Amino acid sequence: MSEARPSGGVSALVPAAGVGARFGGNKIWADLWGYPVLGWVLRALGDPGSGVSEVVVVIDSKDHHRVVELSAALTPGLTCTCVDGGPRRQDSVSNGLACCTKQMVVVHDGARPGVSTDLLARVIEAARRVGASTAYVPVVDSTAQIGGGLLQRVLKRSELGSIQTPQAFEHELLVRAHENAMARGLEADDDAALVLALGQPVAAVLGDARNLKVTKEQDMDALRAWLTQPVGGRS
């Protein structure tokens, strides 16, 4: 990873290079009330209330022009850069991080179109206080550790949460977390886990059930029920 020299402001890093095997195609281009899923994400990031200064989208090279055109149409006041993805999400984020130029970085999945401007702003503010933060939603079902087909240990729901994006970090901290992971051969499902591996705290910010990650076609049905009109963008 190249050494970054960040300035003030907030970079939004959007991993969107997944193949969407369970969805039957790249879900970021699925139509949601007249906009592709990724379009909803870009409009939320482009809202002045989010605090985002620039967007870096990590996506297959064949879709770079499509993303640039979409961003120009929906968020004309927001600089958008496209970067090729890697073999893992972790690699894709590392690729995108090298192009982020701002002091703070907010990472948000390209397949989570229900993110609100309010949630983005709260996650970023928490990261300004602590250095790193993540959105989460409380676990509602009883949860247990399973092994060998047997119930091993029942976990306390009050102490558990399902992790979402957005996640926000001080730029330098996220760079160190990825460099540490590379040096130690660590793999994680999200960037907050890489920061925790450094022994650094991560603030937990209450998220939103409507901030759903599209995985299956049924998820689109739920989003169509919740998101009945487009989120606001920059004028």
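Extension gain, Ala197 to Met182: 0.36 nm times the residue separation minus the Cα-Cα distance gives 4.2 nm. Note on the chain: GNM, Cα springs under 10 Å; of Gly77, Gly85, Gly34, the largest mean-square fluctuation is that of Gly34.
About the Cα centre, and with charges only on the beta carbon of Lys, Arg (+1) and Asp, Glu (-1), how big is the dipole of the chain? Nearest 20 debye, please. Kindly include the intermediate steps, with their values, before the conclusion.
Numbers: 23 positive and 25 negative charges, 62 e Å.
I would put it at about 300 debye.
Classify the stretch 132-195 as rounded, prolate or oblate from the Cα gyration tensor: take a ≥ b ≥ c as the square roots of its eigenvalues, call it rounded if a/c is under 1.5, otherwise prolate when a/b beats b/c and oblate if not. Oblate, since a/c reaches 1.5 and b/c is not below a/b.
Taking a straight line from the alpha carbon of Lys27, these lysines sit under 16 Å away, with near neighbours fewer than eight places off in the same chain left out: Lys62, Lys213, Lys216. I'd like the FRET efficiency for Ala225 and Lys156, computed as 1/(1 + (r/R0)^6) with the beta carbon distance as r and R0 of 25 Å, rounded to 0.05. Using R0 = 25 Å, I get an efficiency of 0.20.
Coordinate-derived values only; no laboratory data. These numbers come from a predicted model, not from an experiment. For neighbour counting, all protein chains shown are included, and Cβ atoms are generated from backbone atoms with ideal geometry for every residue, glycine included.
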